[in-house]
Each structure stands twice: as C-alpha cells, then as structure tokens.
Amino acid sequence: MSNYIEKAASPQILNYAWQFLPHDRGNWVCGLSVEEIRPNLIRHVGELSEQLLRGNYKPEPMCYRYSNRERGVIGVLTVRDQLVQFAILSVLEPLAKAKINFGRMTKETAFAQVRDLVGDGYVWVRSGKIEDCLDNIPHKTVLKMLQKLSGDRALVKVVRDCLNNRPADLAPLGEGMGVPVGMVLAEFLCQLYLHRFDQRLRNKRVTVVRFQDNFVVLGADKVAVTSGWQVAERQLHKMGLTLTAHSEAVVQSSSRQKFLGKRLPNAQPRWQWEDVRRLLSRCNASLLPVKVKIARWFEKGEKPPWEPSETASIEPVVQPIPVSRWPRLWNRVRHGALMSLTQK
C-alpha cells in the first residue's frame, strides 16, 4: 500500500501548495476568513495535516455561483479544501507522468502539435468537442483508475469525499456522476478519464491531438480522417460520452478553420512528378526540348547558362522572391514559359 497521502500531508508539499492559493481573500472554513487565522496559520495547517494522516478529514460544504459563460454553475471551495486538493495534485501529477506518460498540456503546446503535423503532410482534419465531459464522468470508474494509478486507498477516499461534497445544482445527472467545475482536481480527473480514449486511438494508429474536451483528427487523406473519426466515436460511446452536434466535417487545413480559438495553418501540398506531368499535359507542353538543349550543351563542352562565367568579375546578388509574388510568377511560368518551349 502506497503512502502518497503522507507525502501530500507533509509540510514541504503543503508549503508548496500554499503558494497557489489566494492569501488575501476567501474563507479558511465557513465563518472563518484567512485574515482571521493568519496569526495562527501554522497551527491550522498542522491540524489539517494531522486530519489527513488520521483519515478523518472532511471537506467543507461546497458553495457555488452562477457564471455568464458556457459553464453556468461553478463551485466555490474554501481555502482549506483548495490547499488539500493542490497538495494532492502536486503529488499525483509527477506520478501520472512517470507511470502512464500523462502530463498537463497547454493550448500553445496542443496547437503547436497540430501545426507540426500539418507541416508533415497531415493536411486533412476534422475537429470536435465532447459534450458536457465533466458532467458525464462516472465517479466509480475514475476512482478505480485513480486507485490503479496510486494504490493509496486513503488518498482515493479523500478524493471521493471531495467529489461527493457538492450541492445538487452541480450534479445534473445525479449522485455518482460528474466532476464539479471549480474543483482543483477537476482537470486532472478529466485527463485521467480521457487517457483511455487517447490510448485507444493511439493503438489504432489514429493521429489525434486533444486538449481537455477538444480534439482534432488528422490524416494525409480523407479516408484516414474518416476512419479515425469513426474509431473516436465508438470509443466515446463505450465511455458514455457523446460529441456536440456542431462537429465539423472533414476539410483541408486552412486559415478558415479554427482549433482552440486559433486559425489552422494553410495546407501546403507537395508537388510530385505526376503532378508536374499532369500540369504540362494540360498546357500542351513538354520537357523534351529542355532535355535536348541540356544534352547539346554537354556535347559541345559549353557551360550551361546557370553556371557562373569565368569572365564575370562581380557575381550578381540574388534577391529572394517574396512569398506574395509566388502565385503570380507561377502563373507566368505556367502560361508563358512552358508554352514557349513547345514553339521552339
């Protein structure tokens, strides 16, 4: 049996977790503010540590407030309960990263992964969002996964008490379902529950990038994205989750599409030899005259025009072509230069 609850209750971890708490506002417990306990702060934190070690810690009743954002009702914890959950989080995150290669991802990191994959040729994408992900997480399943991860029953008991200590307005699906918004451990428990979703798609070799309840499936063609999306839907159905109704279709990555509030990069398809031949056939052009000229240059021992001349004293300075002029220059080459090859 592991002793992670002892690490969370140690003075070092509690002191580290105290740095993330609001020191100037909030209540330590109901009816007692942080300012009132500040002269005897060490004694109150010591009593909290002893309660965690003895197993008789009970969280305060969770309050809630209404928000104008999409989340609606948000839970409000006392500073004492926030301190406990921050201490547990600081112990669980390194453990999860070491055991199951699971860590916290930021929006910038997730979008950078999408940008790199699009640059590598995964230009077809389809993004979606899990509907009411936190409300549909079953307590029994996520606590079982937490027990398998830590092996500490005392720590799991504290997390269970924190999940059950919420008003009815924060439990739309009843008891035993949902993680309240505003809970310090909410993001970690959501990531832990969705780790099975990521692992399933990784085993099926589906290229996916997920940030919390938003994800995007990428592929080199439409078929790969469509098949990967079907695997994602089946796995979410097994986990009791669904997608929102406004999930986007399979499209090519462009600045018109957004993921996590940022515009996706424009797809840059790589030209292959078959594409060049198809373009030349449409223009009724051929590379044969160019090949003949190059052969004549080598037969006569003459230098091709792209090599520098021996009589040239000063080498010309090559200016880079701006990206904005590429489409115009390409049209001139396609309609002018290639057609002139056939006339000569």
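The values are calculated or read from the model by the stated rules, or taken from the named source; none is laboratory data. What you see is a predicted model, and the numbers here were worked out from it, not measured in a lab. Positions of Cβ are generated from backbone atoms using ideal geometry, with glycine treated the same way; all protein chains shown enter the neighbour counts. Ligands, DNA and RNA are stripped out before the accessible areas are found, and what is left, the full protein with its side chains, is counted by its heavy atoms. Shrake-Rupley method; radii C 1.70, N 1.55, O 1.52, S 1.80 Å.
The single condition among (1) touching a residue at least 60 places away in the same chain (Cβ under 8 Å); (2) open to solvent by 10 Å² or more (accessible area, probe 1.4 Å) that residue 120 does not satisfy is (1). Those strands (runs of 3 or more DSSP E) of the range 45-146 that lie entirely within it include none in which at least 3 residues are on the phi > 0 side of the Ramachandran plot and modelled with pLDDT under 90. Taken together, the residues in the range 192-209 that are crowded, with 19+ Cβ neighbours inside 10 Å, of a type outside the set (Phe, Trp, Tyr) and out of contact with any strand residue (DSSP E or B) (no Cβ under 8 Å at 6 or more places or on another chain) amount to 1. The single condition among (1) surrounded by fewer than 17 Cβ atoms within 10 Å (Cβ to Cβ); (2) at pLDDT 90 or above; (3) of a type in the set (Val, Ile, Thr) that residue 242 does not satisfy is (2). When 235, 257, 212 are checked against the criterion of being modelled with pLDDT under 90, surrounded by 17 or more Cβ atoms within 10 Å (Cβ to Cβ) and under 24 Å from residue 149 (Cα atoms), 212 stands alone in meeting it.
Condition test on residue 222, is it more than 30 Å from residue 49 (Cα to Cα), of a type outside the set (Phe, Trp, Tyr), in contact (Cβ under 8 Å) with a residue 12 or more places away in the chain and surrounded by fewer than 17 Cβ atoms within 10 Å (Cβ to Cβ)? Here the answer is yes, as residue 222 does meet what is asked.
Among the residues of the range 172-183, those identified as surrounded by fewer than 21 Cβ atoms within 10 Å (Cβ to Cβ) and either on the phi > 0 side of the Ramachandran plot or in contact with a Leu (Cβ under 9 Å, 6 or more places away or on another chain) (or both) are 174, 176, 181, 182.
Among the residues in the range 179-198, are any of a type in the set (Gly, Ala, Ser) and at pLDDT below 90?
The first filter runs over the range 179-198 and keeps only residues of a type in the set (Gly, Ala, Ser), leaving 182, 186.
Next, only the ones that are at pLDDT below 90 stay: 182, 186.
Scanning the range 179-198 turns up at least one residue that is of a type in the set (Gly, Ala, Ser) and at pLDDT below 90.
Taking the criterion of being touching a helix residue (DSSP H, G or I) at 6+ places or on another chain (Cβ under 8 Å), of a type in the set (A, V, I, L, M) and over 17 Å from residue 240 (Cβ atoms), the residues of the range 143-190 that qualify are 146, 149, 154, 155, 156, 158, 159, 181, 183, 184, 185, 186. Restricting the first residue to the range 67-90 and requiring it to be of a type in the set (Asp, Glu), which pairs with a second residue that is modelled with pLDDT under 90 and assigned to a helix (DSSP H, G or I) meet a Cβ separation below 8 Å and a spacing of at least six or different chains? Pairs found: 81/162.
Scanning the range 182-210 for residues that are under 16 Å from residue 224 (Cβ atoms), assigned to a helix (DSSP H, G or I) and among the charged types (D, E, K, R) yields one hit, 202.
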